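This report concerns only the one structure given below.
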Amino acid sequence: MEKGSLILIDYTAKVKDSDEIFETTVEENAKKSNLYDPSIKYEPRLVSIGEGWVLKGLDEILSTAKLGDALDVDIPPDKAFGMRDPNKVRMIPQRKFGDKADEIKAGDVVDIDDRRGFVRFIGSGRVQVDFNHRLAGKTLNYNVNILKILQTNEEKAYSLVKRRLLIDGDKISISFDKSEMTITLPEESFLTEGLQVIKKAISADLFKFIPAIESIKFLEIYDKSKTTSKPKEEPKPKEEPKPKEEPKPKEEPKPKEEP
């Protein structure tokens, strides 16, 4: 396949030595491991050949594959997550983790000194943090099925938008008018964090993979029936009874003035 080809693949990735599944697009396989998350939609992944969207070793294998291929391949550490570097393992004073110092335990992923690592062990007031990737030094096994090569501009557009926005493709409307593309977003995406950055990234992808496009419009349509509906009034809090006023003390009679 040529560099830049957009394809859809299903895959399951394991650590070869332990057979531990660490990533999959197949729900059935996720359920066999401790990865399963019912909130995730398991579906084929979009990959651009030669663009670094997947590990180097897998990218090289996909570039020589054909539509319909079922691959079972091993990827060595130097073409996966690299070799383990002992210099990336550090002992850090536990107090440096601030308020959460007492909550940290072995296996936790932590962010410290602008780097992310995982805790190996804790003892004598110090925490050993490994800043190597968890799978560094591991040979990986990938079972991959090449499901589809995207050909039409419509297929490419829907898949590229969905890759960044993480919403169902049938909720997105895309239309073409010569060299202009219009993308209508669903209302559920309007408050997505970083939406403007996401739209910019989507535009860059679309211009790259669909050269005929010269301009892109994003539409956010607000339905009057939804925006004008009155919000439910919150019940007013009960007024607390006013404290009883204490009776004023009686004034003592003034003494009569002597003649």
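Residues that are at pLDDT below 95: find the strands (runs of 3 or more DSSP E) completely inside the range 58-128 holding 1 or more of those. Break it down into steps so the answer makes sense when it comes.
Numbers: elements: 70-75, 89-93, 109-112, 115-123.
Passing ranges, in order: 89-93, 109-112, 115-123.
For the range 158-172, enumerate the residues that are farther than 13 Å from Leu185 by Cα and either of a type in the set (A, V, I, L, M, F, W, C) or surrounded by fewer than 17 Cβ atoms within 10 Å (Cβ to Cβ) (or both).
Step one: filter the range 158-172 for residues farther than 13 Å from Leu185 by Cα, giving 159-160, 163.
Residue satisfying the conditions is Leu160 alone.
Taking Lys138 and the conditions (1) at pLDDT below 95; (2) touching a Pro at 6+ places or on another chain (Cβ under 9 Å); (3) open to solvent by 50 Å² or more (accessible area, probe 1.4 Å), which numbered condition does it fall short on, given that it satisfies the others?
(1)
Taking the residues in the range 146-157 that are open to solvent by 60 Å² or more (accessible area, probe 1.4 Å), touching a residue at least 12 places away in the same chain (Cβ under 8 Å) and not in a helix (DSSP H, G or I) as candidates, determine which candidate is nearest to Leu219 (Cα to Cα).
So, considering only residues that are open to solvent by 60 Å² or more (accessible area, probe 1.4 Å), touching a residue at least 12 places away in the same chain (Cβ under 8 Å) and not in a helix (DSSP H, G or I), the one nearest to Leu219 (Cα to Cα) is Lys148.
Exactly one of (1) touching a helix residue (DSSP H, G or I) at 6+ places or on another chain (Cβ under 9 Å); (2) open to solvent by 50 Å² or more (accessible area, probe 1.4 Å); (3) farther than 20 Å from Arg163 by Cα is unmet by Glu51. Its number?
Here Glu51 meets the rest and fails (3).
Only residues that are touching a Gly at 6+ places or on another chain (Cβ under 9 Å), within 30 Å of Gly52 (Cα to Cα) and either among the hydrophobic types (A, V, I, L, M, F, W, C) or surrounded by 12 or more Cβ atoms within 10 Å (Cβ to Cβ) (or both): list them for the range 91-119, please.
Val109, Val110, Phe118, Val119
List pairs: first residue in the range 35-51 and under 22 Å from Gly68 (Cβ atoms), second residue open to solvent by 50 Å² or more (accessible area, probe 1.4 Å) and in a strand (DSSP E or B) anywhere in the structure, Cβ distance under 8 angstrom, at least six positions apart or on different chains.
Pro44/Leu147; Pro44/Lys148
The values are calculated or read from the model by the stated rules, or taken from the named source; none is laboratory data. Since this is a predicted model, take the numbers as computed values, not measurements. Note: ideal-geometry Cβ built from the backbone for every residue, glycine included; neighbour counts use all protein chains shown. The protein model used for the area step is the full one, side chains on, heavy atoms only, and it has no ligands, DNA or RNA in it. Shrake-Rupley method; radii C 1.70, N 1.55, O 1.52, S 1.80 Å.
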